[in-house]
Amino acid sequence: MYRLTAIAILTVVFFIVEFVLFNILPGWLKPDILLIIVVFFNLYLGIRYSLATAFWAGLLKDSLSLQVFGLNIVAFLFCAYMTTFVKRYLNYIGSPSSRILIIFLVSVINVVAHYLLISIFSNVNFYQAAIHVMLPEIVMTTLAAGYVFQILRKCVRYFHI
Amino acid sequence: MSKNHKKFLAYLIVLIIPFIFLFLRPKIFTPLKFQIVQGTSLPVRILLFPFREIRKMLTYHRTYEDYRRLKQEVAILTNRITGQEELLRENERLRDILDLKKGVVFSSVTANVIGRDPSNWNAVIIVDKGEADGISTDMPVVNTYGVVGKVAEAGPKTSKILLLSDPGFSVAALNQRTREGGVVTGTLQGVCRLRYLPPDSKVEVGDLVVTSKLSSSFPEGLLLGRVIKLEASQSSPTIECLVQPAVALSQLEEVLIIQK
């Protein structure tokens, strides 16, 4: 129970950080920090905690969004599952580049899942989405992953999660 | 059933249940959504405060120039209004004689922007006024430069504003110069698109686009933006234009919500 509470608090804190970053950083510089947290807890604590993080992170994101409620929850849950699948083949303990590669693949999966889910409910121009949303999000999330992982590792040690 | 199968089934259910909820669109989550918005808005505002103050200081010169320009404009407009008062009175008298319906009078509420929705797929801002302040969905939102968007969801104390540049936004509009009508919609590019102009349209780059009286939720004549590019539509024999919103949507701090 302590772990779940600590994860929930950490997710809220990083959600607020993401919210603030979105308001001060221009255009392209917008990483999906919550996705990095979902992947992090999958790699460090396993699928169950990753699913809890995904649900909580999705709920927070959906609350602020105008998209159909639950869209972020489903996308993050799917990413949590896919991380479990991807890490079987790519995760090498102690290798930062393998973690970055996992983040890259999962963020590709996340934007594609998002695009497909949004397409069910409304028309989205694929070209515009690819250039203006998907590509920036994948690049920035991958670039931010290393730093966010370091902070998360410190938090996990500090709070004994 | 083996332990592995049970585990797999449990995980599958965890994914399927939220997926089903997507299609049911239950409204029971709406109060929860606004409680989360309310809960996160205070720390966000505190954290954003220094950044906004720094931005204000950095844009001091531009703000001062704007202030001087607006002061001059106010003086000119005040003179013009004084001159037109007589005409207004005459107009009123004639309206009374003709027994025409009087124009709709609008009241408005000023709202502070809490922050933007942290998603690249949407262009949404959250403001600190809600149903308690008389805000309801579909109310137009403007600032001194022009149209900002419209109220998409109103909670008790906060509201979500769908910005002009969101793909889900659309409003009946017209070219101010040629009076040709069309529909302005948002795109993921951060600019808008004026659609359904006739193929023989006289539209030119630089033309101003304003709201049309065909719009059900926006008053007529509000500035939407300026035409920056012309394109032939790929789906229909019409002309489309890219429109740069008149409002700097990424730098909003205060907005005006128009109540009918």
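The values are calculated or read from the model by the stated rules, or taken from the named source; none is laboratory data. Source: prediction; values computed, not measured. Don't worry about glycine lacking a Cβ; one is built from the backbone with ideal geometry, like all the others, and counts go over all protein chains shown. What goes into the accessible areas is simple: the full protein's heavy atoms, side chains included, and nothing from ligands, DNA or RNA. Shrake-Rupley method; radii C 1.70, N 1.55, O 1.52, S 1.80 Å.
Write down, largest first, the equivalent ellipsoid semi-axes of the stretch B:96-216 in whole Å, where each equals the square root of 5 times an eigenvalue of the alpha-carbon gyration tensor.
Semi-axis lengths for the stretch B:96-216 are 27, 23, 10 Å.
Given 20 °C and 1.002 mPa s, how large is the Stokes-Einstein diffusion coefficient of the stretch B:157-250 in µm²/s, with Rh as the Kirkwood radius over Cα pairs?
162 µm²/s
Roughly to the nearest percent, how much of the accessible area of the stretch B:121-260 is carbon and sulfur, given a 1.4 Å probe?
Whole-percent figure for carbon plus sulfur exposure: 50.
Take B:Arg179 and B:Thr30, extend 7 Å from each Cα along the Cα→Cβ direction, and tell me the distance between the two endpoints in nm.
4.1 nm
Under a straight-distance cross-link criterion of Cα-Cα below 24 Å, which lysines are reachable from B:Lys229, leaving out those fewer than 8 residues away in the same chain?
Once the sequence-local lysines are set aside, what remains near B:Lys229 is B:Lys202.
Within 10 Å of each Cβ in peptide B:106-118, how many partner chain Cβ atoms are there on average? Round it to a whole number, please.
That works out to 3 on average.
What is the ratio of the Cα radius of gyration of the stretch A:75-161 to 2.2 N^0.38 Å, with N the residue count, to two decimals?
1.24
Quantify how strongly other chains surround peptide A:66-78 by giving the mean number of their Cβ atoms within 10 Å of each of its Cβ atoms.
Neighbouring Cβ atoms belonging to other protein chains average 6 per residue here.
Per-residue Cβ counts within 10 Å, from other chains only, averaged over B:120-133: what number is that?
3
Please state the equivalent ellipsoid semi-axes for the stretch A:3-88: what are the square roots of 5 times the Cα gyration tensor eigenvalues, largest first, in whole Å?
Value: 21, 14, 13 Å, ordered largest first.
Rg over Rh of the protein assembly as shown, using C-alpha atoms and the Kirkwood radius, what does it come to?
1.03
Place the peptides A:54-63, A:93-102, B:143-152 in order of packing, highest mean first, counting for every residue the other Cβ atoms within 10 Å and averaging per peptide.
A:54-63, B:143-152, A:93-102
Taking a ≥ b ≥ c as the square roots of the eigenvalues of the Cα gyration tensor of the stretch B:1-158, is the shape rounded (a/c under 1.5), prolate (a/b larger than b/c) or oblate?
Oblate, because a/c is 1.5 or more while a/b does not exceed b/c.
Name the lysines eligible as straight-distance cross-link partners of B:Lys3: C-alpha to C-alpha under 27 Å, and not fewer than 8 places from it in the same chain.
The reachable lysines, counting only those whose Cα sits under 27 Å from B:Lys3, are A:Lys87.
Would you please give the FRET efficiency between A:Ala6 and B:Arg55, computed as 1/(1 + (r/R0)^6) with r the Cβ-Cβ distance and R0 = 35 Å, to the nearest 0.05?
0.50
For chain B, what is the accessible area per residue in Å², given a 1.4 Å probe and the full set of protein chains?
Result: 60 Å² per residue.
Separation of the stretch A:121-161 and the stretch B:157-193 by C-alpha centroid, Å?
29 Å
Summing both sides, how much accessible area is buried between A and B? Use a 1.4 Å probe and give Å² to the nearest 100.
4000 Å²
For an R0 of 22 angstrom, estimate the FRET efficiency from the Cβ-Cβ distance between B:Val205 and B:Phe106 and round to the nearest 0.05.
0.10
How much mean residue ellipticity at 222 nm does chain B get from its helices, if each DSSP H run of length 4 or more adds -39500 (n - 2.57) and you divide by all residues, to the nearest 500 deg cm²/dmol?
Taken over chain B, the calculation gives -12500 deg cm²/dmol.
Among the aspartates and glutamates, which fall within straight-line cross-link reach of B:Lys27, defined as a Cα-Cα distance under 19 Å, with same-chain neighbours fewer than 8 residues apart omitted?
Straight-distance partners of B:Lys27: A:Asp62, B:Glu131, B:Asp138, B:Glu153.
Using a Förster radius of 30 Å, what is the FRET efficiency between B:Asp138 and B:Arg93 based on their Cβ-Cβ separation? Nearest 0.05, please.
0.30
If the chain between B:Leu70 and B:Lys229 were fully stretched, how many nm would it gain, using 0.36 nm times the residue separation less the Cα-Cα distance?
54.4 nm
May I ask you to order B:209-215, B:197-203, B:156-162 by the average number of other C-beta atoms within 10 Å around their residues, highest value first?
So the peptides B:209-215, B:197-203, B:156-162, ranked by packing, come out B:156-162, B:209-215, B:197-203.
For chain B, modelled as a Gaussian network with Cα springs under 10 Å, which listed residue fluctuates most, B:Phe51, B:Phe23, B:Phe34?
B:Phe23
Per-residue counts of other Cβ atoms within 10 Å, averaged by peptide: what ranking do you get for A:31-37, A:110-116, A:78-84, B:230-236, highest first?
The most tightly packed comes first, giving A:31-37, A:78-84, A:110-116, B:230-236.
Would you compute, from DSSP H runs of 4+ residues alone, the mean residue ellipticity of chain A at 222 nm, taking -39500 (n - 2.57) per run and dividing by the full residue count, rounded to the nearest 500?
Calculated at 222 nm, the ellipticity per residue is -27000 deg cm²/dmol.
If the viscosity is 1.002 mPa s and the temperature 20 °C, what translational diffusion coefficient in µm²/s does Stokes-Einstein give for chain A when Rh comes from Kirkwood over Cα pairs?
136 µm²/s
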